[in-house]
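Step one of this worksheet: look at the structure below.
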Amino acid sequence: MSSENPSPSGHASHIRQRQRPAIRANSQVSSLQIMFAVVLAVGLLLTVNFSARIAQGRPLQEAYELVQLEIAQLETEQADLLAERDYSLSDFYVENWARGRGKMIRPGDKLFVPIPSRDSATPTPVPYETGEFDSGVDQPQTWEMWWSLFFDGPPPLPRE
C-alpha cells in the first residue's frame, strides 16, 4: 500500500529523485559548454598565432622575391658576358680587332694610315669680348668682407 499511496515524506523523496536527473542534465550541459569554450579559445589562439606568422612571413616573402629577381638579372648578365667572351675568343673578332685597332696586316696587304696635312686651313677663332657686368648692387669692400668673416656680423656703419 505504501507503494500505491505515497506518504507525504515518500512523495518528497520521489520528487527529489526526479530533480536529481534534471540537475545532472544541467551540470552535463554546463560541462559541455565549458568544453566548447575551451575548444573555441584554443582555436582562437591558434588562429591568432597563425595570422601573426603569416604577417611575419610577408617581409621575408618580399625579400625572397627581390632576391629571385636579382638572381634572374644576374643570370641574364652572366649569359650576356659569356656570349661576349665567346665572341671575343672567336677568330672573326680577333681578325677584326687586328685589322681595325691593332693596325695589323696580312701578308700581301698594304696598310694605309691617313696623316692630316699641315697646311690644313684652321679657322681663326674670333675673340669674344666680355664687358663688365654691373648687377646694380654695390659690391662690399674687401675690409667689409673680412670683418664679416672674423666677427660673424656686419661691419659698423661709417660715421658722418
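Below 15 angstrom from the Cβ of Ala83, what's the summed charge of the other residues (Lys, Arg +1; Asp, Glu -1)? Walk me through the numbers on the way to the answer.
Values: positive: Arg85; negative: Glu75, Glu77, Asp80, Glu84, Asp86.
Counting the neighbours of Ala83, the net charge comes to -4.
Provide the gained length on full extension for the span Gln141 to Gln33, in nm with one decimal, where the gain is 0.36 nm per separating residue minus the Cα-Cα distance. Spell out each step's value before the answer.
Numbers: separation 108, 0.36 × 108 = 38.88 nm, distance 9.47 nm.
Once the chain is fully extended between Gln141 and Gln33, it gains 29.4 nm.
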Problem - Approximate spin-label separation Arg99-Val67, in nm, with each point projected 7 Å along Cα-to-Cβ - result: 5.0 nm
Handout entry: Label-point separation, Thr130 to Leu89 (7 Å along Cα→Cβ), nm
Key = 5.7 nm
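Only the coordinates and a few stated rules stand behind these numbers; no lab work does. Since this is a predicted model, take the numbers as computed values, not measurements. Here the Cβ is made from the backbone with ideal geometry for all residues, glycine too, and neighbour counts use every protein chain on show.
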